[in-house]
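Peer 1: Below are the structure tokens for one structure; questions will follow.
The values are calculated or read from the model by the stated rules, or taken from the named source; none is laboratory data. Nothing here was measured: the structure is a model prediction, and the numbers come from that model. Glycine gets a Cβ as well: all are built from the backbone with ideal geometry, and neighbour counts include every protein chain shown. All accessible areas refer to the heavy atoms of the entire protein, side chains included, with ligands and DNA or RNA removed. Shrake-Rupley method; radii C 1.70, N 1.55, O 1.52, S 1.80 Å.
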Amino acid sequence: PMLDAITSLLDFAYKSPGIAFLCRVRALGILLSIASSEDIALVLPPADVHLYLQALLYIADFEHVGIRQSTADFLSCDKAALARSIWIDHHEDAKVTLLVCNMCLDFRVDDSDLITRMLSQLLAAGMYRYVIGVLDIIGGMDCYMSIDALPQFWNLAAQGSLVQLARTAEAGWIGDALTVLDLCARSIHLPLIDLSGVVRALLQETQRNSANNAPLLLAFSALDPLLPSATADHLLRDVIERMQPTQIHSLILQLQEFTSAAPVAANTRGNVSQEISHGLSLIFDLVDSKGLHEQVLLRPPMGTAIHAFVRNRIYHDKLLTAVKACLDRGKRQMAGQLVSQYYQTRAVDVL
């Protein structure tokens with residue numbers, strides 16, 4: 001019967017002091033997977049079980065880093081005092097810092113000085129993605145606005161996270177990168193997040209390993225979720241101007257693939273359509289200004305780059321240069337098709 005199973009698992013977790021903490025964690029994990037809250041409530045309040053499970057996990061982590069703590073002491077202690085005590089004694093160990101930081105988040109320890117010191121150490125240890133997640137969470141804590149170094153933390157965490165993701169380019173990295181950008185975009189410190197610093201850091205990574213194009217793609221993609229920066233535009237425009245037409249064409253295709261490869265992040269500000277994409281707009285502005293339409297756009301696979309170009313130019317109302325280029329080359333039919341597509345897409349604007 002279910003009640004017997006619940007009782008046995010709870011007895012194992014609560015009344016087996018000689019059993020390893022992680023074994024007791026496993027017992028509670030099984031309990032929560034097979035029994036409803038209503039069933040568990042017949043023996044113990046479900047909230048108490050969850051709290052005890054959390055305590056066991058922390059005790060197991062403490063044990064792993066050599067800190068002795070009993071379950072009873074952990075459950076009854078002042079978590080803020082415990083966090084400060086552990087930090088004072090073990091602050092040189094990044095693993096302990098990570099553990100204490102987790103405890104501050106779980107138990108809402110509103111200590112701006114302690115959190116500032118921990119975030120500084122975690123950033124120095126290269127834990128950028130963890131820190132940016134912490135910054136997002138503590139936004140709802142009372143101590144948030146009293147942390148003077150928040151703008152610096154956001155910039156370091158954003159730059160470090162994006163460079164790390166682009167450097168390794170592991171499976172799922174695009175979605176992870178867009179999530180980082182989305183956290184930045186939703187932060188009240190967005191106006192202080194330096195887009196030019198992000199772009200510069202990614203371009204430096206490109207120079208470090210020219211065979212990896214992920215940093216360059218991410219630099220272009222960061223233009224949309226973060227606030228505009230003339231310096232960032234200038235940095236990327238310089239990159240495009242040094243490229244050959246074949247390289248520009250390849251970059252356009254890669255940016256299109258970047259957009260389509262992130263369906264899991266479709267609800268983030270980082271994932272935008274090709275019509276709106278500021279990165280593609282920079283490229284297409286250069287194509288227009290240098291008259292590189294044929295050299296860049298009319299390359300195999302035919303249609304892919306030209307379709308993105310036309311949609312982008314229509315959206316930004318910049319199609320006239322391409323129409324004039326077609327007429328100058330005697331391609332009247334193509335010019336007519338562009339004008340027709342413009343009217344079909346922007347009929348309301350024309351009226």
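Peer 1: When you look at residue 224, is it in a loop (DSSP other than H, G, I, E, B), out of contact with any Phe, Trp or Tyr (no Cβ under 8 Å at 6 or more places or on another chain) and among the charged types (D, E, K, R), yes or no?
Peer 2: yes
Peer 1: Kindly list the number of the only condition in (1) aliphatic (A, V, I, L, M); (2) in contact with a Phe, Trp or Tyr (Cβ under 8 Å, 6 or more places away or on another chain); (3) open to solvent by 10 Å² or more (accessible area, probe 1.4 Å) that fails for residue 236.
Peer 2: Condition (3) is where residue 236 drops out.
Peer 1: State which residue is nearest to the chain's Cα centre (by Cα) when the search covers only segment 14-65 and only residues that are under 19 Å from residue 97 (Cα atoms) and either modelled with pLDDT under 90 or charged (D, E, K, R) (or both).
Peer 2: Initial filter on segment 14-65 (under 19 Å from residue 97 (Cα atoms)): 54-65.
Narrowing further to those that are either modelled with pLDDT under 90 or charged (D, E, K, R) (or both): 61, 63-65.
Working: 61: 27, 63: 32, 64: 29, 65: 29 Å.
Applying the filter and picking the extreme gives 61.
Peer 1: Could you list, in sequence order, all residues of segment 132-168 that are open to solvent by less than 20 Å² (accessible area, probe 1.4 Å), hydrophobic (A, V, I, L, M, F, W, C) and more than 16 Å from the chain's Cα centre (by Cα)?
Peer 2: Those that are open to solvent by less than 20 Å² (accessible area, probe 1.4 Å), hydrophobic (A, V, I, L, M, F, W, C) and more than 16 Å from the chain's Cα centre (by Cα): 138, 141, 143, 147, 150.
Peer 1: Let me ask something else. Within segment 225-238, which residues are in contact with a helix residue (DSSP H, G or I) (Cβ under 7 Å, 6 or more places away or on another chain) and within 14 Å of residue 283 (Cα to Cα)?
Peer 2: Those that are in contact with a helix residue (DSSP H, G or I) (Cβ under 7 Å, 6 or more places away or on another chain) and within 14 Å of residue 283 (Cα to Cα): 232, 233, 235, 236, 237.
Peer 1: I would also like to ask the following. Would you call residue 99 more than 22 Å from residue 185 (Cα to Cα), part of a helix (DSSP H, G or I) and in contact with an Asp or Glu (Cβ under 6 Å, 6 or more places away or on another chain)?
Peer 2: yes
Peer 1: Under 9 Å between Cβ atoms, which residue pairs at least 6 apart in sequence (or on different chains) link something in segment 45-70 that is more than 14 Å from residue 31 (Cβ to Cβ) with a partner that is among the basic types (Lys, Arg) and part of a helix (DSSP H, G or I)?
Peer 2: As it stands, the answer is 60/24; 61/95; 64/95; 65/95, since those pairs meet every condition given.
Peer 1: Is there a residue being at pLDDT below 95, open to solvent by 20 Å² or more (accessible area, probe 1.4 Å), farther than 27 Å from residue 145 by Cα and in a loop (DSSP other than H, G, I, E, B) anywhere in segment 103-116?
Peer 2: No, there is no match, as no residue in segment 103-116 is at pLDDT below 95, open to solvent by 20 Å² or more (accessible area, probe 1.4 Å), farther than 27 Å from residue 145 by Cα and in a loop (DSSP other than H, G, I, E, B).
Peer 1: Residues of segment 286-300 being open to solvent by 10 Å² or more (accessible area, probe 1.4 Å) and free of Cβ contacts under 8 Å to residues at least 40 places away in the same chain, which ones?
Peer 2: Matches in segment 286-300: 288, 289, 290, 291, 293, 294, 298, 300.
Peer 1: Please enumerate the residues belonging to segment 256-285 that are in contact with a helix residue (DSSP H, G or I) (Cβ under 6 Å, 6 or more places away or on another chain), crowded, with 19+ Cβ neighbours inside 10 Å, modelled with pLDDT of 60 or more and closer than 19 Å to residue 180 by Cα.
Peer 2: Matches in segment 256-285: 258, 279.
Peer 1: Out of all the residues in segment 76-96, which are open to solvent by 70 Å² or more (accessible area, probe 1.4 Å) and either part of a helix (DSSP H, G or I) or within 23 Å of residue 122 (Cβ to Cβ) (or both)?
Peer 2: 76, 84, 88, 89, 91, 92, 95
Peer 1: I need the full set of residues from segment 301-351 which are under 24 Å from residue 255 (Cβ atoms) and loosely packed, with under 14 Cβ neighbours inside 10 Å, in order please.
Peer 2: The answer is 301, 302, 303, 307, 317, 320.
Peer 1: Are any residues in segment 169-191 charged (D, E, K, R) and in contact (Cβ under 8 Å) with a residue 40 or more places away in the chain, and if so, which ones?
Peer 2: Answer for segment 169-191, where residues must be charged (D, E, K, R) and in contact (Cβ under 8 Å) with a residue 40 or more places away in the chain: 176, 182, 186.
Peer 1: Another question, if that's okay. Go over the candidates 217, 251, 183 one by one and state the one that is open to solvent by 10 Å² or more (accessible area, probe 1.4 Å) and over 26 Å from residue 145 (Cα atoms). Outline the logic, then answer.
Peer 2: Values: 251 fails: open to solvent by 10 Å² or more (accessible area, probe 1.4 Å); 183 fails: over 26 Å from residue 145 (Cα atoms).
Selected residue: 217, the only one of 217, 251, 183 that is open to solvent by 10 Å² or more (accessible area, probe 1.4 Å) and over 26 Å from residue 145 (Cα atoms).
Peer 1: Got a sec? Which helices (runs of 4 or more DSSP H) wholly within segment 1-73 have at least 3 residues that are open to solvent by 60 Å² or more (accessible area, probe 1.4 Å) and out of contact with any helix residue (DSSP H, G or I) (no Cβ under 7 Å at 6 or more places or on another chain)?
Peer 2: Because the criterion is at least 3 residues that are open to solvent by 60 Å² or more (accessible area, probe 1.4 Å) and out of contact with any helix residue (DSSP H, G or I) (no Cβ under 7 Å at 6 or more places or on another chain), the helices (runs of 4 or more DSSP H) in segment 1-73 that meet it are 2-14, 21-34, 46-64.
Peer 1: Filter segment 117-131 down to the residues that are crowded, with 17+ Cβ neighbours inside 10 Å, of a type in the set (A, V, I, L, M) and over 13 Å from residue 152 (Cβ atoms) and list them by number.
Peer 2: Those that are crowded, with 17+ Cβ neighbours inside 10 Å, of a type in the set (A, V, I, L, M) and over 13 Å from residue 152 (Cβ atoms): 118, 122, 127.
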